[in-house]
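Colleague: My questions all concern the structure below.
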Amino acid sequence: MSGSGGSGGAEFRPVPTGGNGEDGDEDGCAITERANLNSPDATVVSTLQVGDPLLVELIDGNVPRVIIKTATNQIAGSLTSRRLVTFIECIRSGYGYQATVLAISGGLVEIEISPA
């Protein structure tokens, strides 16, 4: 018998291929994405300026989180993205990301995440 091989269950898969769709890149971790900081820390956000570089770090645990930190290691907020699971798996695989502040409007902070 031949089949498609799909198990139908929810599971983590190896790092995907197909890139970000912009340049045909085969590396599924070569993601550049714009996002808003989730749960931004108002005190830290007040110190940010457009163009500031930010660190992207995985906090692994029962509920893994991708946090965004300033260059001085202050947590600015966390990442919420439709590709969050991919970001988590790529970071676990040793892939690094960086972020840049694109815009600040009150407590809303738009960032761009890209490969480090």
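Computed from the coordinates by the stated procedures, all read-outs in this text should not be read as laboratory data. All figures in this text were calculated on a predicted structure; none of them were measured in a lab. Cβ: placed from backbone, ideal geometry, glycine included. Neighbour counts: every protein chain shown.
Colleague: For Ala71, what charge total do you get from the other residues with a beta carbon under 13 Å from its beta carbon, if Lys and Arg give +1 and Asp and Glu give -1?
Modeller: -1
Colleague: Taking K and R as +1 and D and E as -1, what net charge do the other residues with C-beta under 15 Å from the C-beta of Leu55 add up to?
Modeller: -2
Colleague: Could you compute how fast the stretch 33-115 diffuses translationally, taking Rh as the Kirkwood radius over C-alpha pairs and applying Stokes-Einstein at 20 °C with viscosity 1.002 mPa s? Give it in µm² per second.
Modeller: The calculation lands on 170 µm²/s.
Colleague: Would you please give the residues with an amide H less than 5 Å from that of Asp27, counting only those at least 5 places away or on a separate chain, with H modeled from the backbone geometry?
Modeller: It is Gly18, Gly19, by chain and number.
Colleague: Using the Karplus curve 6.51 cos²θ - 1.76 cosθ + 1.60 with θ = phi - 60°, what ³J(HN,Hα) values do you get for each residue of the stretch 30-36, in whole Hz, with x for Gly and Pro?
Modeller: Karplus values, whole Hz, x for Gly and Pro: 7, 9, 10, 8, 8, 7, 9.
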